[in-house]
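Read the structure below first, then the notes.
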Amino acid sequence: MFLLGYTAQVAVLLKQLVIVLIVIISITNNAIADEFWNTGFEYSVNKQPRVWTIEGEGDSFISYTDKKTKHSGKQSLYLSLNKASTYIYISVEKDLLADKVLKAKGFIKLLSGVNLTVRLMLFDPGSKKVVDVSEPAKLDAPWQAIELNTRADASLNKGTYLLAFHIEGTGDLWIDDLSVLVNNQIFGQAEPDFSEPSKEDVQKLNKWALPVSLSDEKLTQYHPMSAIIGDAKIIGLGENSHGSATIYQYKLQLVKYLVKHKNVRVFALEMPLVEADDINDYVLSRSNSSVDVVSKLSYPSWQTEEMLSIIDWIKQYNKTAQQFVEFRGFDMQNGMSALNAIYPFLKANNKELSVKLLTLKQDIKTAEQKGGDFSVLLNKHKSFLQSLALFIQHHSSKSPIDDSDFASKNLDIKSSGIKSSNSIEYKANRPYIQTGRDLERYVMVLQQSLHFKASNYSSAVRDQYMAENIQFMTDKLKQGRIVISGDNTHVSRVTGSMGGYLSNQFDNDYFTIGITFQSGTYSAYGDKPYYEVHEPYVGTYEYFLSKSQYDNFILSFQQASGIYELKKVSGFRMIGSRPQEVTQFAKINIRQHFDAVLFLRHSAHTQKLK
């Protein structure tokens, strides 16, 4: 999701923020022309406004279009929040704003509220930074106007701006009648186009769609993918929801094909790096226990039968494979596990540094419990972290670290009669880390985690570090390719995302597939065992893709370059790990985000392992 997680950044700028009207401007490469932005919320589907995307987090929030109370026209947008932060945003080309004066104005009517503030904000999702923000609106009139006047930087000619309502706190209110002027010229007032996809586009869709099915155990259906992927060294597999069992069933199929036919040697998941190394010990050994593997899948989203199926298939494959497949993680949010992995080595080799590491550990716990400033913590331990990195680097260069001393006690790779990870046979078949568990990576993850927290948990910082971790894997990879699995917003090629960094670094050696579905259910971090998928409508990519004669298929955008519907900026389903019961679609240019899309007719939700 684009804006969740930026409340802290806004708070730093404003010190007090409860409701923010943010205008989100999304960039495309098309010629500048007026667009339909539904600025008066007059057009809706299932009582949710067309064009607009609504995201939120906190205790609870709801929103719907309301015909009874409005500033003008037929209806407005009503919102009710309980200790929540909500963003309502639209998309506009960035070229439209370059070095121009933006004036945005909207109207707010307050019913009731506790600690509510309203602001207009311009946000750049490419850099993941707030560009400008208005003064808070005074909520002392029946319909209070709020305005933002700013000038966009002419050098920012790539990426995406966001213009949105950000609502934070507790209360009930209506928003209506947004107007946007660029150099005093009004934009967003074009007539809506709700026309059906053309027959020609649907015919082209059916021509280029590569139908796939879970019943194809021989995987011959994926053979055309070889030419589509080409020589790419990194293959990104996205997902619009972490809670779709169907997505992961197809990911398992793709992993099988890519391992057997495209020389993939590493499966890397959006999960903590250190815990993934423990699972890697499991798939590279002949130990049969899987209970501890589940506990190492730190995020509840991955504690499912479908994820365990991928892990177990890799383990079974490795039993007879000439070249092993490894299981790795690239996330870095939890530095404590990296710290704990480093400590035994320091205790045995450098008592002074081990004592300082324990001091850092206690300071981290204190900062997390009391909301301390991680920038101050980083500055305090700067010298120690530099000494730690130099010591590990120096020791590693002098003598390879024996990972058998630091293997997880829960994942015993020395029992059951299997070979130690020190054995020549074991190392010869490992495509990635040649001489053991790389403590240099753990020091890197520890530092990344601290900088991430010091940045107020910026998603931009997280994406950059995840990309760096994948690049580290790629540099260490002796042979073969890497599959990375994560949210569509992470594997996307757009500026500021993990995939954007990888795209800039690897160019055509990075190939990414976005995955989405039409209908069904998904699981998420919430009170319900599962949630309903909203049916797509005209103006979303899923609606067009659903017109195919095939239920499930892969579509290469290079092959399908002549399809007009795929050249338009349209809604694309984005769910992630949280329930999205308001709107599930955000406007993007899908061809700028992905090289191909895997479309599924129906999604069944995952069920957490007991």
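Residues whose amide H falls under 5 Å from that of Thr521, counting only those 5 or more places apart or on a different chain, are Val533, Ser603, Ala604, His605, with hydrogens built in the peptide plane. Centroid-to-centroid, using Cα positions, region 538-610 and region 172-188 are 29 Å apart. Within the shell of other residues whose beta carbon sits under 12 angstrom from the beta carbon of Leu357, the net charge comes to +2, with Lys and Arg scored +1 and Asp and Glu -1.
Derived scalar couplings between HN and Hα for region 513-528 equal 10, x, 10, 8, 9, 8, 8, x, 9, 8, 9, 7, 6, x, 7, 9 Hz in order, rounded to whole Hz, by the Karplus curve 6.51 cos²θ - 1.76 cosθ + 1.60 (θ = phi - 60°), x for Gly and Pro. So which of Lys361/Lys382; Lys233/Lys256; Lys94/Lys204; Lys128/Lys382; Lys128/Lys567; Lys74/Lys138 end up more than 23 Å apart, counting from Cα to Cα? Over 23 Å Cα-Cα: Lys94/Lys204; Lys128/Lys382; Lys128/Lys567; Lys74/Lys138. Pairs from the table (Lys218/Lys608; Lys260/Lys296; Lys356/Lys380) lying more than 19 angstrom apart at Cα are Lys218/Lys608; Lys260/Lys296. Using a 1.4 angstrom probe on heavy atoms only, work out the carbon and sulfur share of the accessible area of the chain in %. Percent of accessible area from carbon and sulfur atoms in the chain: 47.
Of all DSSP beta bridges confined to the chain, the antiparallel ones make up roughly 70%. When the chain is described by a simple charge dipole with +1 on each Lys and Arg Cβ and -1 on each Asp and Glu Cβ, the residue from Asn379, Gly236, Ala190 located farthest towards its positive end is Asn379. Summed over qualifying helices (DSSP H, 4 residues or more, each -39500 (n - 2.57)) and divided by its residue number, the chain shows a 222 nm mean residue ellipticity of -9500 deg cm²/dmol.
Of the residues His395, Leu360, Ser213, the one whose Cα sits farthest towards the positive end of the charge dipole of the chain is His395 (charges of +1 on Lys and Arg Cβ, -1 on Asp and Glu Cβ, taken about the Cα centre).
A simple charge model with +1 on the Cβ of Lys and Arg, -1 on the Cβ of Asp and Glu and nothing else charged puts the dipole of the chain at about 1080 debye relative to its Cα centre.
The values are calculated or read from the model by the stated rules, or taken from the named source; none is laboratory data. Keep in mind it's a predicted model, so treat the numbers as computed, not measured. Reconstructed Cβ throughout: ideal geometry from the backbone, glycine too, with neighbour counts over all protein chains shown. Please note that ligands, DNA and RNA were not included when accessible areas were found on the heavy atoms of the full protein model with its side chains. Shrake-Rupley method; radii C 1.70, N 1.55, O 1.52, S 1.80 Å.
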